[in-house]
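Data block below; observations after.
The values are calculated or read from the model by the stated rules, or taken from the named source; none is laboratory data. All values derive from a computational prediction rather than experimental measurement. Virtual Cβ from ideal backbone geometry, glycine too; neighbours counted across all protein chains shown. The accessibility values were calculated without ligands, DNA or RNA, using every heavy atom of the protein model including side chains. Shrake-Rupley method; radii C 1.70, N 1.55, O 1.52, S 1.80 Å.
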Amino acid sequence: MKTAVKIQLSCAFLALLIFILITFGVVVDSTWLAHFDTWGFSLVREPLSPNRTWFFKNVTRAGNEKWSLVLMFTLAILFIFQKKLRATCFLLINVGVFGYVFANLFKYLIHRPRPHIVHLIQASGFSFPSGHTMNAVLLYGSLIILANYYLANDGLRFAVNSFLGVIIVALPLSRIYLGVHYPSDVVAGYCLGYAMLVFSNFFIFKFNQLKRS
């Protein structure tokens, strides 16, 4: 196994360990996690302003479950027509199974209420982990990986990866700013989504550079 692969898998296992640690902190209502969330809110939410609120309200839409599923099925159909079956499976598993089924399963099992602060948008259901964050990592992270495999033009690939990278950073921050998720929800969503993304890349693609055809 190549060193780069070992590093990525090690990072994925570390992310999974962090997710487990945060989950334990949520379940036992630990003091250190409460301090982390308080610090995270002050870092991201202050100051509240109309311009920042407008920006984050629009950014957060990119992680909506309905939008993510529509985009997933649209791209999956496109990949099927292009006979890219591994890309199709990769997208369906990451977004449909991990980003939708697993995220909602964990929400149901943990039953963490949403933050008791002012919500700048309406949000229902439970809080942990952040489904929008998992969608950001699994959907847009999958597209980054697929762009690296299939886009031959270096300039276009860089532009696509940069745009998707901004979404992956900004979308989870929007959930904290808008007050509908604790910072620990977002970190947990990042860690779980990243681990799933790396593992699926390993088992489906073996991290190999595919032919761009």
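Beta carbons closer than 6 Å, at least 6 apart along the sequence or on distinct chains, pair a first residue in the stretch 143-154 that is not aliphatic (A, V, I, L, M) with a second that is not in a helix (DSSP H, G or I) for TYR149/LEU210; TYR150/ARG212.
Could you list, in sequence order, all residues of the stretch 14-31 that are over 17 Å from the mean Cα position of the chain (by Cα), β-branched (Val, Ile, Thr) and within 17 Å of TYR190 (Cβ to Cβ)? The answer is VAL26, and nothing else. When ALA123 is tested against (1) within 18 Å of PHE106 (Cβ to Cβ); (2) touching a residue at least 24 places away in the same chain (Cβ under 8 Å); (3) touching a helix residue (DSSP H, G or I) at 6+ places or on another chain (Cβ under 7 Å), exactly one condition is not met: (3). Checked against (1) among the hydrophobic types (A, V, I, L, M, F, W, C); (2) crowded, with 16+ Cβ neighbours inside 10 Å; (3) at pLDDT below 95, LEU210 passes all but a single condition, namely (2). Taking each residue of the stretch 26-53 that is closer than 30 Å to LEU109 by Cβ and free of Cβ contacts under 8 Å to residues at least 12 places away in the same chain and looking for partners that are surrounded by fewer than 15 Cβ atoms within 10 Å (Cβ to Cβ) and aromatic (Phe, Trp, Tyr) with beta-carbon atoms closer than 8 Å, six or more apart or interchain, yields SER30/PHE24. In the stretch 28-62, of all residues being assigned to a helix (DSSP H, G or I) and among the charged types (D, E, K, R), the one that is surrounded by the most Cβ atoms within 10 Å (Cβ to Cβ) corresponds to ASP37. If you check ARG157, ARG175 for being under 30 Å from LEU21 (Cβ atoms) and either among the basic types (Lys, Arg) or open to solvent by 40 Å² or more (accessible area, probe 1.4 Å) (or both), only one passes: ARG175.
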